[in-house]
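The structure under discussion appears below in the form of structure tokens.
The values are calculated or read from the model by the stated rules, or taken from the named source; none is laboratory data. The structure displayed is predicted, hence computed values, not measured ones. Here the Cβ positions follow ideal geometry from the backbone for every residue, glycine too, while neighbour counts run over all protein chains shown.
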Amino acid sequence: MPRSARSHDGNPATIPAVRAPRAGRAGRAAHGAGGPAGTAAAAADRSPPAPLAALEEEFATTLADLVRRCRRGSEDRLATLVAEWPLPAAGARQQIVAVPDGWTTPDWLAGPVATGLWDDFRAARRQRAAGYFALAVEAARAHTAIPTRAEAAQGERPAWPDRGAAAVHLLHLALRDDPDHEQARRVGGWVRRGERWVSQGVDRRLDRGDEYDPAFGWLPRGRLDRYRAGERYDLGRWVDAATFAGRPRSLERPVRYDSDHWRIASTTTQEHTAALAAALEETCLVWRQAFGGYQAEPATRERLFEGRGRAAPAETFAATLVGDREEYVRALTTVEPAAARTDGMYWSPTKTAWFMADDDWRTGDADATRTVRHEATHQLFAETRPTSRMAGERVGFWAIEAAACYMESLETAPYGWTLGGPAAGRMPAARERVLEDGFQVPLEELAALGRREFQADERLPKIYSQIGGLADFFMNGQQGRYRDAFVEYLVRVYTGSATGDSLEKLCRRSHAELDEEFRRHLASAESAAATAPAAAPSVER
């Protein structure tokens, strides 16, 4: 992947590569196998699942009855929980759902009436989860569909038939409803440990006896209690925390912090390092759902959803955190002269994301966390699947930056997170540039730019605003019509197979037509932003 010079302007859900089952660990792997019918029967079952609309209508009817029963039984708190369980309308945003590591019964639930109602609520959720997963399998098979001549003439759907994004989204909707759905867990690469589900990487760590605390990351067996008591293991011996904190650090002798997916080398405080790790892991979790179609080839994904393969463990990524801008520039200028103009960088030759410490991380400052999300997104795209060293060098570099800008728009929601939307990320700036200032670089021109030409363009700050809006258009415009096509475009850019007209062919729209649709998307977003209601409060679960 080309290097990134950006402008100043639980357990992760994953659909990784598939490998054939192998001998060993059979007992543990069996926990993730399909249901009683077995995976072979699942693969053979080609009967069409219930339509999504019918599934949602049946669930809504069941919940309405449950709410009435809760009210009659004076279980008002449970009634509120049940009534608030359905996701709100997505609108023009992408919804990312949090998946719990297992079923959790509210600690305030008491008495036979409440327990019976709760059991019925769980049963309804399990039934809908089964429907979601059946639809996910159908979506994973959709890449083989060939549009009819009439569909091609009418432009009813993009030419790229893959529905990987829908498959991944439905998978996680199923797990939100039923955290113990074994087939969905298998697809996502989770392993059961007692009543919990963990990633394969976490499972291996626990097998070794490693222990985890957000303040310290993963530690070898036997160290966590001593860390919590104020000791630190450093340079081959135990010292007190004050001595550890007072020792000078350098890139030659950094502090190590292991999170689920990152190994961080840090020259700054433990608190800053832990805050970076948390931001990186959140970005990873959201990214894997948001760009679900990116991580595996369509045929590979189909085999995985049908139970004919096993998810490979996720990769471990590298990050470096330094104490301040001076140290950051000093460390990077020798390899990237533009380092002084950046707030963070993904350096592809060493596969390392670089950051500088910022006190605002601990208070959730938007600018600080946007930098982490932007650069971590570059790293995830570059390292989650095989990519070319020439990614974006000839054409299409704008899409690499656009996707990273899109991840900057991440916002928390009661059910998880959202990405994009009329007022999120760079969308307001895009509307200002395009609609008010009349600035719009045509897609035909953007698509033809390689990395060097893109980064050398004197209009770069304005272009960053525009491509932030373009990413929202391709991911969320027209109810996500072009989402899978855009993800496939990113695959081709990152694998070095994109051409100047790839996006046109995937979307079955000319660049000029897409430019016009983008302007309409911005105009509709402007109206939506002006009339948007206040966000709903979080509901206690």
For this session: Take VAL329 and decide whether it is under 28 Å from GLU444 (Cβ atoms), among the β-branched types (Val, Ile, Thr), surrounded by 14 or more Cβ atoms within 10 Å (Cβ to Cβ) and modelled with pLDDT of 90 or more.
Result: no
For this session: Would you check if there is a residue in the stretch 166-179 being modelled with pLDDT under 95, surrounded by fewer than 24 Cβ atoms within 10 Å (Cβ to Cβ) and not assigned by TED's automatic domain parsing to the domain that holds ALA290?
Result: yes
For this session: Filter the strands (runs of 3 or more DSSP E) completely within the stretch 176-225 down to those with at least 2 residues that are over 21 Å from THR105 (Cα atoms) and over 19 Å from the mean Cα position of the chain (by Cα).
Result: 211-213, 217-219
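Could you please let me know if ARG256 is in a strand (DSSP E or B) and under 26 Å from the mean Cα position of the chain (by Cα)? Write out each step before concluding.
On the way: in a strand (DSSP E or B): yes; under 26 Å from the mean Cα position of the chain (by Cα): yes.
Yes; evaluated as a whole, the condition is true for this residue.
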Seminar exercise, completed: Subset of the stretch 377-406, residues closer than 15 Å to PRO349 by Cα and in a helix (DSSP H, G or I), comes to HIS378, GLN379, LEU380, PHE381, ALA382, GLU383
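Yes/no per residue for (1) assigned to a strand (DSSP E or B); (2) over 28 Å from SER199 (Cα atoms); (3) not hydrophobic (A, V, I, L, M, F, W, C); (4) not assigned by TED's automatic domain parsing to the domain that holds GLU281:
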site: ARG303; (1), (2), (3), (4): no, no, yes, no
site: GLY307; (1), (2), (3), (4): no, no, yes, no
site: ALA318; (1), (2), (3), (4): yes, no, no, no
site: GLU327; (1), (2), (3), (4): no, yes, yes, no
site: ALA331; (1), (2), (3), (4): no, yes, no, no
site: THR334; (1), (2), (3), (4): no, yes, yes, no
site: ALA340; (1), (2), (3), (4): no, yes, no, no
Exercise. If you go through the stretch 62-86, how many residues are surrounded by fewer than 14 Cβ atoms within 10 Å (Cβ to Cβ) and either within 26 Å of VAL168 (Cβ to Cβ) or aromatic (Phe, Trp, Tyr) (or both)?
Worked result: 1
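Could you pull out every one of the helices (runs of 4 or more DSSP H) wholly within the stretch 424-527 that has 3 or more residues that are in contact with a Lys or Arg (Cβ under 7 Å, 6 or more places away or on another chain)? So that I can check it myself, show each step before the final result.
On the way: elements: 427-431, 443-447, 451-456, 460-480, 483-494, 502-507.
Where helices (runs of 4 or more DSSP H) fall fully within the stretch 424-527 and carry at least 3 residues being in contact with a Lys or Arg (Cβ under 7 Å, 6 or more places away or on another chain), they are 460-480.
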For this session: Kindly establish whether TYR494 is crowded, with 23+ Cβ neighbours inside 10 Å, in contact with a Pro (Cβ under 8 Å, 6 or more places away or on another chain) and among the aromatic types (Phe, Trp, Tyr).
Result: no
Exercise. In the stretch 221-249, what count of residues is obtained for those that are under 23 Å from THR316 (Cβ atoms) and exposed (fewer than 13 other Cβ atoms within 10 Å of the Cβ)?
Worked result: 2
Problem set entry | Qualifying residue in the stretch 265-277 (condition: in contact with a helix residue (DSSP H, G or I) (Cβ under 7 Å, 6 or more places away or on another chain), among the small types (Gly, Ala, Ser) and part of a helix (DSSP H, G or I)) | yes
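Of all residues being among the acidic types (Asp, Glu) and under 19 Å from GLN94 (Cα atoms) in the stretch 377-427, which is surrounded by the most Cβ atoms within 10 Å (Cβ to Cβ)? Just the residue, please.
GLU401
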Exercise. Here are THR80, THR62, THR105, THR115: which of them is at pLDDT below 95 and over 30 Å from MET407 (Cβ atoms)?
Worked result: THR105
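Residue by residue through the stretch 62-77, note down the ones that are under 14 Å from ALA110 (Cα atoms) and touching a Phe, Trp or Tyr at 6+ places or on another chain (Cβ under 7 Å). Reasoning before the result, please.
First pass over the stretch 62-77, keeping only residues under 14 Å from ALA110 (Cα atoms): 70, 73-77.
Result: ARG77, single match.
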For this session: Confirm whether VAL137 is outside any helix (DSSP H, G or I), of a type in the set (Val, Ile, Thr), surrounded by 18 or more Cβ atoms within 10 Å (Cβ to Cβ) and out of contact with any strand residue (DSSP E or B) (no Cβ under 6 Å at 6 or more places or on another chain).
Result: no
Problem set entry | Some residue of the stretch 198-211 being closer than 17 Å to ALA274 by Cβ, outside the structural domain of VAL97 (by TED's automatic domain parsing), modelled with pLDDT of 95 or more and of a type in the set (Asp, Glu) | yes
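Which of the residues belonging to the stretch 363-372 are surrounded by fewer than 24 Cβ atoms within 10 Å (Cβ to Cβ) and either at pLDDT 95 or above or of a type outside the set (D, E, K, R) (or both)? Show your work before the answer.
Looking only at the stretch 363-372, we keep the residues that are surrounded by fewer than 24 Cβ atoms within 10 Å (Cβ to Cβ), and these are 363-371.
Across the stretch 363-372, the qualifying residues are THR363, GLY364, ALA366, ALA368, THR369, THR371.
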